[in-house]
């Protein structure tokens, strides 16, 4: 897994409200667009510094399209990046305060120490 690329996706989508909403409503389209248009852009650099070889694996693409934070965590995606993006996308769907965060944690309850490596 390219932890860098998945974390870069989570980071950039979370920081743009329009991308966050597109990811919530049309995950397959957003993931495909982001991979084609944004994956090879270097963060905070000029276009001349862009790369050309980065792409998601099929497993990463499936997990991103499915909004599967458990699979992403198990592959090494940073849990803080998924959590903040999931809050932006899904917290409104839960009636009680912190219910989304509790659901997020409950789905990860089967994971025990040592956690997957989240370094990039």
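Figures for the structure shown
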read-out: Residues of the range 46-62 classified as at pLDDT below 60 and in a loop (DSSP other than H, G, I, E, B), total; value: 4
read-out: Restricting the range 29-45 to residues that are loosely packed, with under 12 Cβ neighbours inside 10 Å and closer than 26 Å to residue 87 by Cα, the residue that is modelled with the lowest pLDDT; value: 44
read-out: Within the range 100-118, considering residues that are under 25 Å from residue 19 (Cβ atoms) and in contact with a helix residue (DSSP H, G or I) (Cβ under 8 Å, 6 or more places away or on another chain), the one modelled with the lowest pLDDT; value: 118
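The values are calculated or read from the model by the stated rules, or taken from the named source; none is laboratory data. Remember, it's a predicted structure, so these values are computed and weren't measured experimentally. Positions of Cβ are backbone-derived with ideal geometry, glycine not excepted, and every protein chain shown enters the neighbour counts.
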